[in-house]
Amino acid sequence: MKILQLKNVYKDYKLENKEKFTALNDINMSFEKGELVSIIGESGSGKSTLMNLIGGLDSDYRGEIIIGEQDLKNFKQKELDDYRKKKIGFVFQSFNLIPHLSVIDNVTIGLTLSGVKEGVKHEKAIALLNKLGLGDQIKKKPTQLSGGQKQRVAIARALINDPDIILADEPTGALDSTTTLQILDILKDIADSGKLVIMVTHSEKVAKISSRIIEISDGKLVRDEKNKDYIPNLQKNDEIYETDLNKNSDINSVIKSELNKEETTQNSQAPNFDEAKIKNKRKNKKNKEGHLSILSALKLSIHNMWASKVKNFLMAIGVSISLISLILMLSFGAGLTGYISDQALSYSSPNVATITKRGSTSIVAPKSFTDEEIADISLNLNEYLESKNSDFRVVTKNEDEYDYNLSYGFSMMTGFGNGSSALAKIIYQPEETEDEEEAKPKECPIFYSYTTPPYYNEKHLLTENSSICGDGQIMLSSAAAKAMGIEKIEDVVGKKVILSINLPELKAPIETEVEISGIVDVSMFSGMLVMYVDYDYLNSRFKENNDSKGLSPTTLYITTNNTKATKLINDYVSTQKELSGSLEEKLVRMFDEMLDTFSIALTIIAGISLAVALIMILVVLYISVSERTKEIGVLKSIGARKKDIKLIFSTESFLVGLLAGITGIIFTLIIGGILTLVFNILIGFAPIKMMWYFFVEALAISIFISVLAGLYPSAKASKLDPIESLRHE
Ligand code: ADP
Ligand code: MG
């Protein structure tokens with residue numbers, strides 16, 4: 001029974017200069033089951049070309065290569081893949097085992113590509129390996145085997161899908177004479193079991209053992225003769241391959257019936273509509289069980305990654321560095337923002353709305369409000385509050401001298417120049433001492449002068465003996481207190497000092513004795529020389545000095561006792577061009593803007609480092625593809641589809657991303673922990689806030705860039721030409 005026919009087959013190779021080279025010239029021959037055919041001929045005569053055509057690795061030929069009823073040339077890609085997977089088994093001179101897979105995984109790879117279950121694969125492979133005398137070698141890697149053993153593994157791999165045809169291109173070319181005989185014996189057994197075995201050989205000696213010898217010379221068939229002396233290995237027929245594979249075991253019958261099912265679906269021609277539907281249904285079912293599963297792809301990828309674990313680990317560390325910086329940056333951003341807004345919150349009060357003039361050159365010299373402006377603001381605010389159905393109304397001191405809720409504040413930078421020329425300073429006369437130097441009065445400049453906001457209470461004080469300043473009193477920041485040269489800041493409380501204020505609008509400097517009532521907590525400005533004084537007290541000093549022209553307020557405080565009303569007032573203020581919120585709010589906003597700029601810069605840096613990571617992964621995967629060109633060729637010759645190759649490589653890039661992500665997260669946790677510790681020791685708080693979703697984001701980014709980087713290499717891998725890949729060294 002003819003299972004393979006070649007009719008007038010020509011193969012032309014196109015050369016670079018548009019010439020063509022005819023490698024096969026009018027080949028006619030047919031083959032039957034059970035033949036052991038040797039193809040001989042000089043190097044370059046066209047033997048491998050012929051094998052590649054028969055094996056479906058090359059469909060670019062003239063003439064007909066008929067398998068069953070169909071010409072190979074007319075096979076669709078999918079049919080061709082299936083043909084290689086199910087009908088053909090390749091054996092190569094250089095074995096072409098996949099180095100990172102164990103013997104058993106190498107043998108089962110064809111079944112893995114068909115999506116056969118683990119247990120089934122295993123049993124079938126063990127049965128074959130036992131028969132080939134390799135039962136005790138299944139866990140070994142190819143490098144741990146001898147040449148003969150390798151070739152037997154390759155033969156097992158070729159047989160695993162129970163193909164009709166075994167194509168062996170110089171299978172004994174790399175073996176010594178004893179091993180050659182063993183391998184030939186095995187091939188003979190396979191032929192005896194009813195398969196067609198076609199092998200290419202140089203050696204006339206080897207050819208003599210076969211049942212038929214075909215000689216090719218310069219692409220032409222010059223000899224095709226039966227070997228009359230051929231004796232089948234009949235004595236071994238109790239153990240021949242096909243019987244066992246097809247009939248004896250349940251597993252085999254399962255696989256066989258699956259394969260047959262596919263054949264029927266493929267070969268049924270000109271289906272009517274209903275049949276097409278059924279065919280589709282069957283196809284879908286087959287797709288599920290008939291192809292490389294994601295799990296198997298994962299397993300293959302893990303094996304390969306493990307084989308080059310140092311490289312992969314280093315790459316993961318490289319990628320994880322950009323992830324670490326990304327997460328840490330986000331954590332710093334969140335930590336700092338959180339810290340600043342906490343500070344701001346602790347600094348203002350939910351029941352006091354603060355209004356300043358916008359555009360006053362920020363903190364340096366705030367603009368002051370005139371009485372008319374204050375009246376206007378109060379009027380407009382009340383209209384707004386009414387429109388928003390709030391019961392709260394602003395009452396100015398002019399309207400009700402005892403029951404007002406709009407109070408004044410003043411703030412100004414007073415620390416220009418050096419110590420003695422500051423606009424505000426305190427002069428402290430130390431207690432009597434022998435030391436002349438120490439006995440001199442101390443002048444301490446005040447960098448920033450505030451009046452006490454209405455919401456200031458004990459919480460804003462630093463020492464137990466402090467109290468909020470009233471008439472004839474001031475409060476100092478801890479830095480200002482330390483500047484007086486007294487060791488303990490507690491001891492500063494209660495001291496009398498001269499307060500000297502020399503603003504341009506004053507006729508003469510105000511010089512007045514005041515008592516220090518307390519040390520005030522200015523938290524984030526604790527390093528600054530800050531003074532607080534009561535507004536009414538300061539106002540009365542101004543009036544005395546300045547022909548009863550008082551202190552013009554730079555800040556308005558509206559005490560609401562109702563957070564909703566506070567919020568409404570703040571909302572209103574934010575819509576007014578000429579108004580803005582409190583100084584703290586301004587500072588927070590300024591800080592936020594700084595942080596935003598900083599974040600943009602850091603994001604750009606992170607983006608660049610991620611791009612570098614992406615290119616790094618791309619390069620490594622690209623190199624990996626060229627390193628594994630041969631493996632890809634082998635997989636294709638076994639029947640791997642483009643999709644399967646793509647899946648294997650994409651899975652690998654996914655794993656790289658996952659590995660890098662996990663490495664990055666672990667390192668970030670370690671580094672973040674250390675940083676938190678160091679910050680706590682150095683400055684008492686850690687501006688690092690790690691949110692769980694930063695890690696999720698980093699992992700997602702890592703996987704995304706890896707998969708993205710893997711797209712090109714895996715596409716390239718899937719498009720490799722199998723013949724060229726197999727020739728690759
Ligand atoms: P062999 O009998 O040694 O296996 P091949 O079938 O490999 O010979 O090659 C047959 C002829 O075809 C050789 O002359 C070879 O140079 C040529 N050939 C093989 N592959 C190609 C190719 N891809 N492009 C051009 N010429 C090729
Ligand atoms: Mg060759």
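The values are calculated or read from the model by the stated rules, or taken from the named source; none is laboratory data. Please read these numbers as outputs of a predicted model, since none were measured by experiment. Don't worry about glycine lacking a Cβ; one is built from the backbone with ideal geometry, like all the others, and counts go over all protein chains shown.
Laid out as a table, the results:
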| quantity | calculated |
| --- | --- |
| Among residues of segment 398-446, those that are of a type in the set (Lys, Arg), surrounded by 15 or more Cβ atoms within 10 Å (Cβ to Cβ) and without any contact (Cβ under 8 Å) to a residue 24 or more places away in the chain, counted | 0 |
| Whichever residue in segment 19-68 is within 11 Å of ligand 1 (Cβ to nearest atom) and of a type in the set (Lys, Arg) and, among such residues, is surrounded by the fewest Cβ atoms within 10 Å (Cβ to Cβ) | Lys20 |
| All positions within segment 202-229 that are at pLDDT below 90 and either acidic (Asp, Glu) or within 16 Å of ligand 1 (Cβ to nearest atom) (or both) | His202, Ser203, Glu204, Val206, Ala207, Asp229 |
| Failed item, numbered, when Ile39 is tested on (1) more than 21 Å from Arg223 (Cβ to Cβ); (2) within 14 Å of ligand 2 (Cβ to nearest atom) | (1) |
| Residue among Gly710, Gly673, Gly664 that alone is over 30 Å from Leu298 (Cβ atoms) and in a helix (DSSP H, G or I) | Gly673 |
| Close pairs (6 angstrom Cβ cut-off, 6 or more residues apart or separate chains): outside any loop (DSSP other than H, G, I, E, B) in segment 162-182, within 16 Å of ligand 1 (Cβ to nearest atom) and hydrophobic (A, V, I, L, M, F, W, C) anywhere | Leu167/Met51; Leu167/Phe90; Leu167/Ile198; Ala168/Val91; Ala168/Met199; Asp169/Met51; Asp169/Phe92; Asp169/Val200 |
| Residue match in segment 714-721 (condition: surrounded by fewer than 22 Cβ atoms within 10 Å (Cβ to Cβ) and either among the acidic types (Asp, Glu) or touching a Cys at 6+ places or on another chain (Cβ under 6 Å) (or both)) | yes |
| Among residues of segment 306-327, those that are part of a helix (DSSP H, G or I) and surrounded by fewer than 21 Cβ atoms within 10 Å (Cβ to Cβ), counted | 12 |
| Where a residue in segment 20-42 is farther than 12 Å from Ile198 by Cβ and among the aromatic types (Phe, Trp, Tyr) and its partner, wherever it lies, is at pLDDT 90 or above and more than 16 Å from ligand 2 (Cβ to nearest atom), with Cβ under 7 Å and at least six apart | Phe21/Asp12 |
| Candidates Asp164, Asp136, Asp192 - the one that is more than 16 Å from ligand 1 (Cβ to nearest atom) and within 43 Å of the chain's Cα centre (by Cα) | Asp136 |
| Residue list for segment 437-470, restricted to those being over 51 Å from the mean Cα position of the chain (by Cα) and of a type in the set (Lys, Arg) | Lys440, Lys442 |
| Test: residue in segment 148-165 that is crowded, with 20+ Cβ neighbours inside 10 Å and closer than 14 Å to Val37 by Cα | yes |
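Residue-wise test of (1) hydrophobic (A, V, I, L, M, F, W, C); (2) within 16 Å of ligand 2 (Cβ to nearest atom); (3) outside any strand (DSSP E or B); (4) at pLDDT below 95.
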{"residue": "Ile3", "(1), (2), (3), (4)": "yes, no, no, yes"}
{"residue": "Asp12", "(1), (2), (3), (4)": "no, no, no, yes"}
{"residue": "Glu16", "(1), (2), (3), (4)": "no, no, yes, yes"}
{"residue": "Asp82", "(1), (2), (3), (4)": "no, no, yes, yes"}
{"residue": "Leu97", "(1), (2), (3), (4)": "yes, no, yes, yes"}
{"residue": "Leu111", "(1), (2), (3), (4)": "yes, no, yes, yes"}
